[in-house]
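Take a look at the structure set out below.
The values are calculated or read from the model by the stated rules, or taken from the named source; none is laboratory data. Being a predicted model, the structure only gives us computed values, none of them experimental. Using ideal geometry, Cβ is built from the backbone for each residue, glycine included, and neighbour counts are taken over all protein chains shown.
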Amino acid sequence: MTTPDAQSRPVRATADAAPAVRTGARVADFEALLQPLLERAYGMAYSLTHSRADAEDLVQEAALLAFRAFEQFEPGTNFKAWYYKILTNCFYASHRKQKRQGEQIDLDGVPGLYLYARTAEVGLHAQTDDPAAALLGRLDAEQIVAALDLLPEEYRVACSLYFVQDFAYEDIAQTLSIPLGTVRSRIHRGRKMLQKSLWKIAEEQGIVRQLSEPPASA
Amino acid sequence: MNLPDRFTCEEMFRKVDDYLDRRLSVEEMRLVEAHLETCARCTHEYRFEATVIAQVRDKLHRLDVPADFAARLHARLSKAAGGS
């Protein structure tokens, strides 16, 4: 559409419009890659922070950083790993400012098959063919996150990538820039610590007591 | 690496984490599965560990995302793009 003014002025409207169009396309391109990851990204962030407000901030902060660096991202390469590298770096940067308070789980007194042994001790194996499902079925997502929150940071990050993102060891190694052997160690030890913290949560919430009570007779 | 003909329960205990994550060689996987076919206790333990991992993963996949989360992110990205 031309206006009388436009007829006499140099053609700058198109040049001025082009950057806005390019910007909009750049946002669209970026969001097309990010959108499929958002739900799990939020889950990952919540697993790391145990705060819904902090989780949203973390995902947004990482997305903004990634967007600003989008021109450095090579199309066709692993956007998911690239984004989660940024997200975990954001988490480490923000968490270094906060001193860790409260109890943390360690591996002292955590033999292999910890939950298996604990559930057997309270008689759960005699009650059901699937004692793991019987215990885990009583825990909701919030309680799982609370259990993860008790892990030391490096194990919590590795386990969050493992459980929430279903990352293979190689993806975790790439995301965290650590050797494959270190990933394996953190996942194995992290899973053991998580079993201890899950049992702790289950005990504190009265779930263990409920499970060890004999079923009511008909 | 020289592997035995069969895994003992003690060897199974050491291998179960790597088996759960499919980090064993083809031959080691075969030895684990051969042992599980004949050992009820190790099978019970393995299934317990596998269920814990699967259930933790399933519950964490079902965390509720706040309403309008994507819309708020879009607004921030658009604002950032407009300022660049």
### Task
Could you tell me which of the residues A:Glu39, A:Glu31 is in contact with a His (Cβ under 7 Å, 6 or more places away or on another chain), modelled with pLDDT under 95 and surrounded by 15 or more Cβ atoms within 10 Å (Cβ to Cβ)?
A:Glu31
### Query
In this structure, does B:Arg41 turn out to be out of contact with any strand residue (DSSP E or B) (no Cβ under 7 Å at 6 or more places or on another chain), surrounded by fewer than 14 Cβ atoms within 10 Å (Cβ to Cβ), more than 21 Å from A:Glu142 (Cα to Cα) and more than 10 Å from every other protein chain (Cβ to nearest Cβ)?
yes
### Message
Anything in segment A:82-105 that is modelled with pLDDT of 90 or more and surrounded by 17 or more Cβ atoms within 10 Å (Cβ to Cβ)? List them, or say none.
### Response
A:Trp82, A:Tyr83, A:Tyr84, A:Lys85, A:Ile86, A:Leu87, A:Thr88, A:Cys90, A:Phe91
### Message
Can you say whether B:Ala50 is more than 9 Å from chain A (Cβ to nearest Cβ), of a type outside the set (Asp, Glu) and either closer than 30 Å to A:Ala53 by Cα or in contact (Cβ under 8 Å) with a residue 24 or more places away in the chain (or both), as far as the supplied structure shows?
### Response
no
### Message
Just to be sure before I move on: is B:Ala67 away from every other protein chain (no Cβ under 11 Å), without any contact (Cβ under 8 Å) to a residue 12 or more places away in the chain and within 30 Å of A:Ser51 (Cβ to Cβ) in the structure I sent?
### Response
yes
### Query
Of the residues B:Thr38, B:Thr8, B:Thr51, B:Thr43, which single one is of a type in the set (Val, Ile, Thr) and closer than 16 Å to A:Gln195 by Cβ?
B:Thr51
### Query
Could we say that A:Ala132 is under 21 Å from A:His95 (Cα atoms) and at pLDDT 95 or above here?
no
